[in-house]
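What follows is one structure encoded as structure tokens, with my remarks underneath.
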Amino acid sequence: MADLTRDDVAHLAGLARIDLSEAELDRMVGELGVILESVATVQQAPTDGVEPMSHPMPLVNVTRPDVVRPSLSPDAALAGAPDAEQQRFSVPRILDEE
Amino acid sequence: MSTTTGERTLGFDEALAAYDPAMGLEVHVELGTATKMFCGCPTEFGAEPNTQVCPVCLGLPGALPVVNAVAVESAIRIGLALNCSIASWCRFARKNYFYPDMPKNFQTSQYDEPIAFDGYLDVELEDGSVHRVEIERAHMEEDTGKSLHVGGSTGRIHGATHSLVDYNRAGIPLIEIVTKPILGTREKAPEVAKAYVSALRDLLKALEVSDVKMEQGSMRCDVNLSLAPSGSGALGTRTETKNVNSLRSVERAVRYEVGRHAAVLSGGGSITQETRHWHEDTGITTSGRVKSDAEDYRYFPEPDLVPVAPSVETVEALRATLPEPPAERRKRLQAEWGYSDLEMRDVLNAGLVDLIGETVAAGASPAAARKWWSGEVARRANTEGEDVPSYAARLGVTPAQVVELEGLVTGGRLNDSMARQAWEGVLDGEGTPTEVADARGLELVQDTGALEAAVDSVIAANPDVAEKIRGGKVQAVGALIGQVMKEMRGQADAATARQIILERLGQG
Ligand SMILES: [Zn+2]
């Protein structure tokens, strides 16, 4: 596996909306690098002929009928929101103004 | 950012002289299921904000999504109708992004394992030629919430201080249908794009999987377009114009982007691969200015959902439920009804096919069915801003009444102008055609004695005209027929009156 670069960490931090200082970026490159290295030992396991799996249970086609079930009340739905207005979730400005 | 002034564009013909367009169309269609894709919340359009949400579609911790069986069936039927192969095993994936329209911070979609793939749809153009549009894939996903932007000018996202989100729509089943690059269309590119979306809409309507209302957003189109030097066979850099939501706009957006790309390229510039916003009012696109790193969705298989693995039997059972393809049905009906191409096109544009079909099935002649549903009713429906079928349904005017009206004409009780009056009465809510005819005293005089008397008196009053007709100027008879009809107060058959006049004047 290619080494994790400082640019990779900055990119991931941006995607995850985590604001990292220059010092934190430097520290994270090292810490994440160690974690990736440890996990990488898994790649030594012999996996020839082993199907990749995405679910621990060998199930397919778990569906439900198209029948309406009660929704939450708007009050209950909005109860956990930091802010609400006009029965809607209020969120900070979406675009950064230039 | 101004939305009223576009960038420099080249004329369409000039652009095509130097470049070949390639298109790709992505259509999102909201399924008409009763509930959402992964939860039992209802999907009604226009409900009060956040009244159709639950822990699953709000992405609350610990919620477990379960796939809607009908949504999967609809997806398979759409795939089959588009001549696609159906995956025997496929999964959902998480498409990760941070945007408040998705409370989970990811959209559950299908990534590299679509339920349907490798199909085609043949679309017919105005000139009768057929263009085959190849389908790359049709996959299942879920719709997003709706944002209201506050504090800026007229609800725009730019300049807004904050946004208000309604998650009623979040989680409604969506099928995304993606074409392969559509090549070699040249000057027909805009028309092919429009015809494809139109044919797809007809197909989805016939499948009864969606109400496909572009104006309500239950069917939305993204237009990818690129240009390459004429004859090079290459593919240029593309732009993706989002949310082009009417048939006419699909055509206009293709035309606009062809002109814009050509102006950039011929000026020595290069096209930026980006999202463009379509502006319905001005007919132009503007840059969506999406940062390139925001396109990194880090897809991975959705661990909360198990794979979808339709059996061959399931797929074949669904194939058996497919309706006759709309294009074939149109051809068959046109032949059965004996309509000209123009008549059939008018009937299609007015949305009258089903209504005429029902009327013919109820016993009317195809000509009468077309005549009565496309005249006065169409005019009134148009004034009310409705289509004829829903207008007629609201008024309680039925195919059986058209049959009854035609019967009154063929049975000799009403002539054409009386039938029109009777039909107007029906539309005015005065009752059935027979009731209106009774109430308004509409009845052809069957007693030819009265008609003969009227003819004699008109001939006597117009000796000059009568002499001309005797002398062979048969076309002068029109003037006399008019007077006879007037004398009869319209209660006579004009053809019979003509016959009697000509007999009297030795021309019979
Ligand atoms: Zn829900």
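The values are calculated or read from the model by the stated rules, or taken from the named source; none is laboratory data. Computed from a predicted structure; not experimentally measured. Heads up, the Cβs are rebuilt from the backbone with ideal geometry, glycines too, and the neighbour counts pull from every protein chain shown. Keep in mind that these areas ignore ligands, DNA and RNA; they rest on the heavy atoms of the full protein, side chains included. Shrake-Rupley method; radii C 1.70, N 1.55, O 1.52, S 1.80 Å.
Observations on the model:
- Taking A:Asp48, A:Asp19, A:Asp75 in turn, the Gaussian network model of chain A (Cα-Cα springs below 10 Å) assigns the largest fluctuation to A:Asp75.
- DSSP beta bridges fully contained in the range B:12-317 are about 95 percent antiparallel.
- Alpha-carbon geometry of chain B: the Rg and the Dmax are 30.4, 99 Å, given in that order.
- Where only C-alpha atoms are counted, convex hull volume of the range B:448-504 per residue in Å³: 63
- In chain A, the portion of solvent-accessible area held by carbon and sulfur atoms comes to 57 percent [1.4 Å probe, whole percent, DNA, RNA and ligands not counted].
- Excluding ligands, DNA and RNA and using a 1.4 Å probe, chains B and A jointly bury around 3800 Å² of accessible surface, summed across both partners.
- Among A:Glu22, A:Glu85, A:Glu31, the residue with the largest mean-square fluctuation in a Gaussian network model of chain A, with springs joining Cα atoms closer than 10 Å, is A:Glu85.
- CD proxy at 222 nm, helix term only [per DSSP H run n ≥ 4: -39500 (n - 2.57); per residue of chain B; nearest 500]: -11500 deg cm²/dmol
- Cα gyration tensor category, rounded, prolate or oblate, for the range B:326-465 with a/c compared to 1.5: prolate
- If a spin label sat at a point 7 angstrom from the Cα of B:Thr161 along the line to its beta carbon, the backbone N atoms of the range A:65-89 nearer than 16 Å would be those of A:83-86.
- Note on chain A: semi-axes of the ellipsoid equivalent to its C-alpha gyration tensor, largest first and rounded to whole Å, are 37, 31, 11.
- The mean number of Cβ atoms from other chains found within 10 Å of a Cβ in peptide A:8-20 is 2, as a whole number.
- Rounded to the nearest 20 debye, dipole of chain B from Cβ charges on Lys, Arg, Asp, Glu: 900
- Magnitude of the charge dipole, the range B:366-501, Cβ model with Lys/Arg +1 and Asp/Glu -1, debye to 20: 480
- Computed over the alpha-carbon pairs of the range B:283-395, the distance histogram in 10 Å steps reads 10, 26, 17, 15, 21, 10, 0 percent, short to long.
- Under the Karplus curve 6.51 cos²θ - 1.76 cosθ + 1.60, θ = phi - 60°, whole-Hz ³J(HN,Hα) for the range B:267-275, x wherever Gly or Pro sits: x, x, x, 10, 7, 8, 6, 7, 8
- Two-site label geometry, B:Asp118 and B:Glu134: point separation in nm, points 7 Å out along Cα→Cβ: 1.1
- Rounded if a/c under 1.5, otherwise prolate or oblate - the range B:62-181, Cα gyration tensor axes: oblate
- Nearby lysines by direct alpha-carbon distance to B:Lys188 (threshold 29 angstrom, same-chain neighbours under 8 apart not counted): B:Lys180, B:Lys205, B:Lys213, B:Lys242, B:Lys331
- The string of couplings for the range B:366-374 from the Karplus curve (6.51, -1.76, 1.60, θ = phi - 60°) is x, 5, 5, 4, 5, 4, 6, 7, 9 Hz, one whole number per residue in order, with x for Gly and Pro.
- For chain B, carbon and sulfur atoms together expose 49% of the accessible surface, with a 1.4 angstrom probe and every protein chain in place.
- Rotationally averaged projected area of the range B:383-508 (alpha carbon convex hull; nm²): 9.2
- Summarising the overall dimensions of the protein assembly as shown from its C-alpha atoms, the Rg and Dmax are 32.8, 117 angstrom.
- Taking the chain by itself as reference, the range A:62-81 contains these residues with an accessible-area loss of 10 Å² or more in the full protein complex (1.4 Å probe, heavy atoms): A:Val62, A:Thr63, A:Arg64, A:Asp66, A:Val68, A:Arg69, A:Ser71, A:Leu72, A:Pro74, A:Ala77.
- Choice from A:Leu78, A:Leu12, A:Leu25 with maximal GNM fluctuation in chain A (Cα, 10 Å cutoff): A:Leu78
- Charge dipole (debye, nearest 20) of the protein assembly as shown; +1 at Cβ of Lys and Arg, -1 at Cβ of Asp and Glu: 1060
- J(HN,Hα) series, the range B:205-220, from Karplus relation 6.51 cos²θ - 1.76 cosθ + 1.60, nearest Hz, glycine and proline x: 5, 5, 6, 6, 9, 7, 7, 6, 9, 4, 6, 9, x, 7, 9, 9
- Accessible area per residue for the protein assembly as shown is 50 Å², calculated with a 1.4 Å probe on protein heavy atoms, without ligands, DNA or RNA.
- Beta bridges by DSSP in the range B:222-322, antiparallel share as percent, to the nearest 5: 70
- At least 20 Å² accessible surface lost relative to isolated chain, residues of the range B:33-50 (1.4 Å probe): B:Ala34, B:Thr35, B:Gly40, B:Pro42, B:Pro49, B:Asn50
- Selected from A:Val67, B:Ile76, B:Gly46, residue furthest toward positive end of dipole (the protein assembly as shown; charges at beta carbon): B:Gly46
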